[in-house]
Amino acid sequence: MKKNLKLIQNNLVELLENKKILITGGAGFIGGTLIRRLLKKSEAKIYNLDKLTYCSDLQSINQLLKNSKNKNNRYSFYKIDLFNQKELLEIICNIKPDIIMHLAAESHVDRSIDNADLFLKSNVIGTYNLLEAVKKYYSSLKNEKKNKFIFHHISTDEVFGTLGDSGKFNEETNYNPRSPYSATKASSDHLVRSWYHTFNLPIIITNCSNNFGPWQFPEKLIPLVIRKAILKEKIPIYGDGLNIRDWLFVEDHIDALLLVIIFGNAGETYCVGGGEEKTNIDIVKKICKYLDLKLNPTNSYLTQIDYVADRPGHDYRYSIDSSLIKKNLGWIPEHNFDTALFKTIDWYINNQNWCEKKIKDSGYQLERIGN
Ligand code: NAD
Ligand code: DAU
């Protein structure tokens, strides 16, 4: 099994030969990383369907496409809101994809607490619309194209709720979402699974832990802390800072997603976690100490840490048991956590203009209501 990982890293051209891959949410953080990998390492045709919300970014992909005719010919972008089922069906039937990877979603917990409306529209109705369109498209397929078709739904560990000091989530864990965001992701998982059982749509679901890496919109903990530290602003820590997340470097996640679409079987679910459990305060201190070494400020960045009101319904701990994807598909998270974190911090230091432009263009209010 272990050889699978090397195969998807080194032989993606053969493994995805003649494939058309439709990706929703490809202008987002994980979708963009996935598309860049596919453009660099495969010869598959890539179709990116995205609404382009406040956090989207096409620069990372466009930068790669510049000066590469070969990659340009293999990539198409469609600006579309999944709320629009009719347009969705037309696009899918025109493209005739072999694989669909569904990443589009509203993804930030704090925003779902402020206003859940868009989360219901994009994550629940959007997924429903996509499933309906894909069901119609799938029923038109024949022979090998039909037998090999796969719909991969990318979801989160938050659907399982929260853990105490021990235990881990796995594929058998009951759903128990506790934020508007995770409730909408749980709903989308249920919809996807029911389209498999009721309509025989060949689906696979993955539930992963907190991703980090370059090009992530600076509202999530790691990029937010790096940015606020560099700007000499207060670094907000919710509650006592002892909540725990299981961190996953985004490139390791992409390995898992590729293993799933190439070696996974319809009806399966895989949990994917980095196995790097850290308290929030530990992460924040690690970032500050690295920045101290790197930028040598007059006062340590640690002095900017500010404990603020807790997030309502704040899940205490996430931890993933990734045994199944390791055993069945040969996945392992290959990157060392500290090295990947420091590489990510370096990227944000070198791309401050990108960050500030993203925030300005998005018009997004980054402070949580109540702080
Ligand atoms: P992101 O917020 O960076 O990007 C999401 C993308 O989806 C954006 O480009 C946005 O424009 C698009 N989108 C949103 N609503 C849409 C709609 N109605 N129609 C079309 N496009 C729409 O998210 P991400 O961090 O890249 O996460 C990708 C997926 O992975 C999401 O489904 C998320 O729930 C899941 N996930 C993320 C993490 C994480 O740590 N980032 C962890 C577990 C699961
Ligand atoms: O577990 C996977 C999920 O991880 C994904 O499904 C979500 O899309 C993604 O947003 C993320 O959710 P979290 O709520 O865990 O991530 P966030 O980066 O918002 O917060 C991480 C932890 O840090 C959490 O315990 C809250 C805390 N936090 C966050 C922010 C933004 C702070 O203490 N201060 C902050 O300013």
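Throughout, read-outs are computed from the coordinates displayed, never taken from laboratory work. As the structure is a computational prediction, the values presented were derived from the model and not from experiment. No Cβ is skipped: glycine too gets one built from the backbone with ideal geometry, and neighbour counts run over all protein chains shown.
Is it fair to say Trp247 is under 30 Å from Gln304 (Cβ atoms) and surrounded by 21 or more Cβ atoms within 10 Å (Cβ to Cβ)? Criteria met by Trp247.
Taking the conditions (1) within 11 Å of ligand 2 (Cβ to nearest atom); (2) at positive phi in turn, His253 satisfies each one other than (2).
Applying the condition of being more than 16 Å from Asn123 (Cα to Cα) and either in contact with a Pro (Cβ under 6 Å, 6 or more places away or on another chain) or in contact (Cβ under 8 Å) with a residue 24 or more places away in the chain (or both) to the stretch 187-207 and asking which residue is surrounded by the most Cβ atoms within 10 Å (Cβ to Cβ) yields Ile203. Pairs are defined by a Cβ separation below 6 Å, a sequence spacing of at least 6 or placement on different chains, a first member in the stretch 212-225 that is of a type in the set (Phe, Trp, Tyr), and a second member that is in a loop (DSSP other than H, G, I, E, B); the pairs so defined are Phe217/Cys55. Among the candidates Ile262, Ile281, Ile254, Ile237, the residue that is more than 12 Å from ligand 1 (Cβ to nearest atom), part of a helix (DSSP H, G or I) and in contact (Cβ under 8 Å) with a residue 60 or more places away in the chain is uniquely Ile262. Taking the stated definitions as given, is Ile332 surrounded by 18 or more Cβ atoms within 10 Å (Cβ to Cβ) and not in a strand (DSSP E or B)? So Ile332 does not fit the description; no.
Residues in the stretch 284-321 that are among the polar types (S, T, N, Q), in contact (Cβ under 8 Å) with a residue 40 or more places away in the chain and not in a loop (DSSP other than H, G, I, E, B): Gln304 only. Here Leu258 clears all of (1) out of contact with any Gly (no Cβ under 9 Å at 6 or more places or on another chain); (2) surrounded by fewer than 23 Cβ atoms within 10 Å (Cβ to Cβ); (3) within 27 Å of Ile332 (Cα to Cα) except the condition numbered (2).
When Ile237 is tested against the conditions (1) away from ligand 2 (no atom under 11 Å from the Cβ); (2) surrounded by 15 or more Cβ atoms within 10 Å (Cβ to Cβ), the lone failure is (1).
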